[in-house]
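What follows is a short report on a single structure.
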Number of protein chains: 2
Amino acid sequence: MNIPEKRVETRIDPYVDVYADRTKGLKASAVRALFAVANRPEIVSLAGGMPNITDLPLDVIGNAIGDLIKARGPQIMNYGGAQGEERIREQICEVMSLEGIEASPDDLVISCGSQQGLDLVTRTFVDPGDVVLAEAPSYVGALGTFTSYQAQVVHVAMDEDGIIPEAFRAATVAARAAGKQVKFLYTIPNFNNPSGILLSVERRRELLAAAKELDVIIVEDNPYGLLGIDQPPQPAIRSMDADQVIYLGSFSKTFAPGFRVGWVLAPPAVVKKLILAQESATLCPPVFSQFAISEYLATWDWKSQIEDFRSMYRERRDSMLRGLDDHMPPGATWTHPKGGFFVWLTLPEGFDSDQLSARATSHRVAYVPGTAFYADGLGSRNMRLSYCFPTPERIYEGTRRLGEAITEEMELRTTFGLVTPHSPGRVQPPEVRS
Amino acid sequence: MNIPEKRVETRIDPYVDVYADRTKGLKASAVRALFAVANRPEIVSLAGGMPNITDLPLDVIGNAIGDLIKARGPQIMNYGGAQGEERIREQICEVMSLEGIEASPDDLVISCGSQQGLDLVTRTFVDPGDVVLAEAPSYVGALGTFTSYQAQVVHVAMDEDGIIPEAFRAATVAARAAGKQVKFLYTIPNFNNPSGILLSVERRRELLAAAKELDVIIVEDNPYGLLGIDQPPQPAIRSMDADQVIYLGSFSKTFAPGFRVGWVLAPPAVVKKLILAQESATLCPPVFSQFAISEYLATWDWKSQIEDFRSMYRERRDSMLRGLDDHMPPGATWTHPKGGFFVWLTLPEGFDSDQLSARATSHRVAYVPGTAFYADGLGSRNMRLSYCFPTPERIYEGTRRLGEAITEEMELRTTFGLVTPHSPGRVQPPEVRS
């Protein structure tokens with residue numbers, strides 16, 4: 001009998017000696033593994049950051065884009081410029097004016113989602129070993145990008161008004177004293193991902209003054225700025241200064257993410273570099289997507305649509321906060337976001353959100369453990385709870401299940417005297433609460 | 001009177017000390033500056049690489065995509081996976097089977113155009129100072145990407161059958177003797193951009209054997225493989241070996257570039273790295289575009305469409321070759337491509353295609369000077385002439401104008417004894433002719 005020999009891999013990865021150094025810091029994110037679980041229908045996922053776009057006018061959009069293809073297909077389906085199409089850059093200036101920004105379309109570069117905008121900015125500024133400052137906690141996807149360019153991420157403390165200017169100053173001085181170049185401060189001033197915290201207007205001014213004094217660029221990432229729930233849009237940091245700030249914007253939350261259209265607004269000299277970077281990265285950002293979004297903006301009352309989104313997310317946020325009030329055990333605290341998608345929860349003393357994850361899954365609820373949002377191992381008592389995607393009823397039910405899981409864990413610890421060990425190096429950051 | 005003081009910039013670029021080292025090699029490409037001229041309507045542009053997609057069934061595509069939005073908008077306009085959508089990866093396997101490739105959808109990563117696929121591959125493998133081997137001449141956009149990762153590009157000679165395996169071997173040995181890591185050989189085997197040369201099947205086998213012996217990865221970039229004019233598709237190098245070859249594919253020439261959908265087919269271990277790289281670069285490649293192309297492939301007889309493209313480009317190539325026969329002065333030689341978009345022309349001894357450029361513009365014709373396609377300053381007697389976009393009549397007229405410009409230059413040189421100086425370091429490469 002001729003049974004073929006089982007193919008045995010002699011080395012796990014035969015290319016291991018050929019990869020670039022920068023790949024060493026990259027590891028499959030715990031968040032991605034989590035999403036496979038979170039997507040199971042029986043699970044209430046408070047883990048994802050997907051916007052709920054079911055209320056978009058699909059007939060209007062379908063007809064507008066279909067007609068556009070018939071009328072101008074050969075142009076809108078061909079190559080475009082690396083900087084992006086002129087018309088959408090003009091329309092973006094109108095969008096940004098809602099947050100007080102005065103800008104020229106010439107100072108914009110379109111990107112394949114604002115993630116790619118951040119990639120271009122990091123590529124343009126960061127050498128291996130350079131320091132990038134970021135809020136504590138900060139967006140997991142940004143931390144991934146910084147790591148992929150071998151940056152050293154240094155976190156800067158926040159309180160209920162956002163990043164603390166004095167902490168920014170101290171971190172910059174300390175990094176420089178250690179011989180490091182500080183390339184920029186990365187901040188999500190509006191409804192920070194993951195904490196939901198809003199940087200107060202006064203703090204924006206203080207932060208900008210510190211940045212100018214220290215000569216550190218601020219990278220202002222603003223996907224949620226128009227999705228404030230309790231108040232009108234706040235003035236962007238970029239609206240206060242055009243030279244010190246590189247601004248990242250996105251249509252992913254105010255329209256739809258699948259088109260992958262974001263943008264970078266930067267000083268003219270930086271724009272030149274970003275265009276070159278975009279050419280070598282993609283030749284040109286998605287052309288068809290740009291025309292499609294231009295058409296949507298021209299066809300539909302997009303400002304009213306954003307108002308509808310705000311109402312929709314308000315209901316969801318309220319449902320989550322009500323659920324947390326009703327179901328969280330004593331000792332748990334959480335932020336009260338005024339917009340955006342996320343609540344940041346701090347578990348009672350001694351809990352570990354990574355370890356709780358399995359129990360939460362068995363209670364059919366998912367969240368993102370806090371450590372994902374720190375480059376330095378902090379966040380083990382925290383979790384990010386998102387209210388953007390499930391219905392209000394499911395969100396409320398999710399908090400109930402989460403409460404059950406925590407209570408069960410608490411009871412086990414009381415009964416059996418279990419103590420959840422802290423991993424080495426996992427010191428709890430100061431509590432963030434709003 | 002209160003006249004505002006003119007704002008004087010004290011430094012040309014205030015951020016010059018903050019940029020990453022990798023930005024230093026990047027300069028505004030001469031090609032881009034050229035395109036501004038080439039796009040003027042009175043100019044016959046033989047410079048661009050834009051496919052002619054006017055024959056696509058716009059009504060069919062418009063209706064299909066419009067209906068898709070109405071039926072499945074909230075899914076196709078939301079975030080997707082970093083690896084790309086499963087259905088299009090399956091369809092791509094069917095596309096690649098036309099060139100003899102057997103592959104699993106699991107081994108594919110979707111990219112924002114195949115340019116971004118190349119960016120991800122380079123990011124995954126290349127450390128500053130590493131050697132990347134590339135044909136002489138090679139695609140300008142690839143050279144830009146390699147430079148942006150601070151690779152040292154070493155060119156490998158071609159002849160009328162494509163890249164010369166012995167030259168590949170010698171270049172690898174020499175680089176290693178100089179203490180360099182050779183990360184991969186980048187090749188466009190089908191109708192090389194810019195030379196139009198087809199790598200013969202026998203050469204593919206020899207090249208692969210050499211790569212295995214030397215343990216060098218081959219990056220096979222194949223945008224034009226299905227656009228052969230005179231023969232059926234050739235077997236891809238990847239069809240002969242799954243471990244030694246990373247394959248880049250694209251819908252830009254067989255469908256339309258504006259959707260920005262390309263792909264990388266790689267060994268499983270490499271795919272894992274590429275997915276991580278894609279996550280940090282874009283979160284996910286254009287989702288809507290992937291669904292749109294899936295729908296086109298499912299709705300339309302795309303294979304017949306490619307046949308139509310082949311006929312259309314055959315007519316254009318023939319028109320260019322006829323025009324060159326009719327109008328080129330003695331001493332000029334050129335390749336006779338069997339597919340793709342480009343003819344590579346060598347001017348008579350003593351000419352410089354960069355210098356001829358202005359005269360060509362005054363004769364209302366544009367091309368890309370050959371130096372764009374070398375990392376080392378060669379190519380000054382060459383030019384790339386593309387026949388993809390203008391009508392056959394315009395192409396023929398373009399060659400007539402080009403002949404005029406060259407003849408005029410020749411006459412001036414004869415009359416006034418002008419000698420075009422070679423720039424230092426610009427040695428002419430061996431003539432490539434097919």
Study note, to complete from the structure: Yeah, the range B:111-211 with a ≥ b ≥ c from its alpha-carbon gyration tensor (a/c under 1.5 is rounded, else prolate when a/b outruns b/c, oblate otherwise) is oblate
Practice item. Quantify how strongly other chains surround peptide A:76-88 by giving the mean number of their Cβ atoms within 10 Å of each of its Cβ atoms. Key: 3
Study note, to complete from the structure: homo-copy label distances at B:PRO41 (7 angstrom along Cα-Cβ), nm, one dp, ascending, are 5.7
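Determine the shielding of peptide A:14-26 by partner chains: average, over its residues, the number of Cβ atoms on other chains within 10 angstrom of each Cβ. Please list the in-between numbers first.
Numbers: counts 5, 10, 1, 2, 12, 8, 13, 3, 8, 9, 0, 1, 8.
What the average comes to for A:14-26 is 6.
Considering only the other residues whose Cβ falls under 14 Å of the Cβ of B:GLY62, what net charge follows from Lys and Arg at +1 and Asp and Glu at -1?
Working: positive: A:LYS70, A:ARG72, B:LYS70; negative: A:ASP67, A:GLU295, B:ASP59, B:ASP67, B:GLU295.
Net of charged neighbours comes to -2.
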**Study point:** Exercise: per-residue mean of other protein chain Cβ atoms within 10 Å, A:48-54
**Key:** 3
Point to revise | Residue of chain A nearest the A-to-B rotation axis [by Cβ], rounded angstrom distance | key: A:GLY66, 1
Practice item. Compute the Cα gyration tensor for the range A:19-70, then decide on rounded, prolate or oblate, letting a ≥ b ≥ c be the square roots of its eigenvalues: rounded whenever a/c is under 1.5, prolate when a/b is larger than b/c in the other cases, and oblate in all that remain. Key: oblate
Exercise for review: Let me know the charge dipole size of the protein assembly as shown about its Cα centre in debye, to the nearest 20, where only the beta-carbon of Lys, Arg (+1) and Asp, Glu (-1) is charged.
Suggested key: 620 debye
Check your understanding: Roughly how many whole Å is it from the C-alpha centroid of the range A:364-384 to that of the range A:71-113?
Key -> 36 Å
Practice item. Report relative contact order for chain A in percent, whole number only (criteria: Cα-Cα under 8 Å, sequence separation at least 6). Key: 22 percent
Revision key, fill the gap. Site A:ALA269, offset 7 angstrom along Cα→Cβ, radius 15 Å on amide nitrogen, limited to the range A:208-251, gives A:215-218, A:242-246
Check your understanding: What are the label-to-label distances in nm, one decimal and shortest first, from B:GLU102 to the same spot in the other copies, with labels 7 Å along Cα to Cβ?
Key -> 6.7
Point to revise | ³J(HN,Hα), Karplus 6.51/-1.76/1.60, whole Hz, each residue of the range B:365-372, x for Gly, Pro | key: 9, 10, 9, 9, x, x, 5, 4
Exercise for review: Would you mind calculating the gained length between A:GLN150 and A:THR391 on full extension (0.36 nm times residue separation, minus the Cα-Cα distance), in nm to one decimal?
Suggested key: 82.8 nm
Revision key, fill the gap. Quick shape check on the range A:375-418: root eigenvalues a ≥ b ≥ c of the Cα gyration tensor, a/c under 1.5 is rounded, otherwise prolate if a/b tops b/c, else oblate, and it reads oblate
Practice item. Go ahead and run the numbers for FRET between A:ARG40 and A:ASP159, Cβ-Cβ distance against an R0 of 35 Å, rounding to 0.05. Key: 0.40
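Bear in mind these aren't lab numbers, they're just calculated from the coordinates by the rules spelled out. Here the structure is a predicted model, which means the values were calculated and not measured. All Cβ positions, even for glycine, are placed from backbone atoms using ideal geometry, and neighbour counts span all protein chains on display.
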